[in-house]
1. So what's the gap between the Cα centers of region 7-46 and region 86-126, to the nearest angstrom?
2. Under the √(5λ) rule applied to the eigenvalues of the Cα gyration tensor, what semi-axes describe the equivalent ellipsoid of region 1-146? Give them in Å, descending.
3. Where in the chain are the helices, taken as whole DSSP H runs, whose Cα atoms extend 20 angstrom or more along the long axis and whose Kyte-Doolittle mean reaches at least 0.0?
4. Would you calculate a helix-derived [θ] at 222 nm for the chain, using -39,500 (n - 2.57) for each DSSP H run of n ≥ 4 and dividing by the full residue count, to the nearest 500?
5. For region 34-96, what does the alpha-carbon gyration tensor say about shape, rounded, prolate or oblate, given a ≥ b ≥ c as the root eigenvalues, a/c under 1.5 as rounded, and a/b over b/c as prolate?
6. Along each of its three principal axes, how wide is the spread of alpha-carbon positions in the chain, in whole angstrom units, largest first?
7. Counting only heavy atoms of the protein chains, get the accessible area per residue of the chain (1.4 Å probe) and round it to a whole Å² value.
8. Measure off, as a whole percent, the carbon and sulfur share of the 1.4 Å-probe accessible area of the chain, all protein chains present.
Amino acid sequence: MEIYHGLDEVPRDGIGTVITLGNFDGVHRGHQTVLRAVAAEAKANGLRSVAMTFDPHPRTIHQPQTPTQMITSVRQKSQLIAETGIDALFIQPYDLDFAAQTPEEFVSRYFVEGLDCRCVVVGDDVRFGHDNAGTIDTLRRLGEVYGFTTVTIDEVGRGGRFSSSRIRDQIIAGDVAEAADQLGRYHRVEGTVVHGDARGRDLGFPTANLSADGEGLIPADGVYAGWASFSGEDHPFPAAISVGTNPTFNGCDRRVEAYVLDKEFGEFDVYDRHMVLEFVARIRGQVAFTGLDALIAQMHEDIADVREVLHT
């Protein structure tokens, strides 16, 4: 998949496009339905499929006092969109000047002149242009003017349409199992493995600590059953994933760390490797224990629960 960061990067090769646009945070099952429809429409007609998205999220610009916590980083989102078969991703820098365009200015500049659009595929709740004044009816009217068709995709979901906002709330609350159902995959947090304080190793449960600049929305504090993948390995490993501040040790920094089941420290050196953590289910919330014995006993219980969830 090609990635464009501006109209000057779009190839001028005479190949028309099928376009969709959206924030696509999380690239959930509803997004996937639309993106695959775009890819199929383009392939059937010898066109290029293009997904247009925005960075940063528009709400971060319009409501800076309450910035949106993103489910996926731009890099993660790009990888997930590529998996749907889309030919190109257009990542539009979003600022107030861009937001000030009227719907017609936006369509004329980006869809028609910039991307040689032949077809737009969107949900019927699409909004675009200044003050979100553009609607599906606007697109249809402009399509008649500029010569492109507009295709709508029915809402997709169970018990309501799939929603990035709802998935975001589920992850923040620790309900990663429900989020996985909406996403169509386990939620992922990833980054480099860094050195921690070695407390887990001293207790007999060595952990791989995620770097503070990891990608992906971090779930609520607690212990999770999940899978850990590392660069250089050919398969994921079952893991007990801990999120929190280690209150038993009066910790302050929020950390994400994974204890890989059935691996001894020393035989499995993962420092400085890239780690991907997939969250399957929450086992329990964060607890401050009165002593090490109680903590160790609970960790054994947690691991038993993780094995049950993962069937290992």
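The values are calculated or read from the model by the stated rules, or taken from the named source; none is laboratory data. This is a predicted model, so every value here is computed, not measured. To get the accessible areas, we keep the full protein, side chains included, count just its heavy atoms, and leave off ligands, DNA and RNA. Shrake-Rupley method; radii C 1.70, N 1.55, O 1.52, S 1.80 Å.
1. Comparing the Cα centres of region 7-46 and region 86-126, I get a distance of 11 Å.
2. Numbers: eigenvalues 94, 73, 41 Å².
Working through the eigenvalues yields semi-axes of 22, 19, 14 Å.
3. Once both thresholds are applied, what remains is 292-310.
4. Working: 10 runs with 90 residues, N = 312.
It comes out at -8000 deg cm²/dmol, rounded to the nearest 500.
5. Note, shape of region 34-96 comes out prolate.
6. 73, 39, 35
7. On the way: 14890 Å² over 312 residues.
About 48 Å² of surface per residue is accessible.
8. Details: 7070 of 14890 Å².
Roughly 47 percent, rounded to a whole number.
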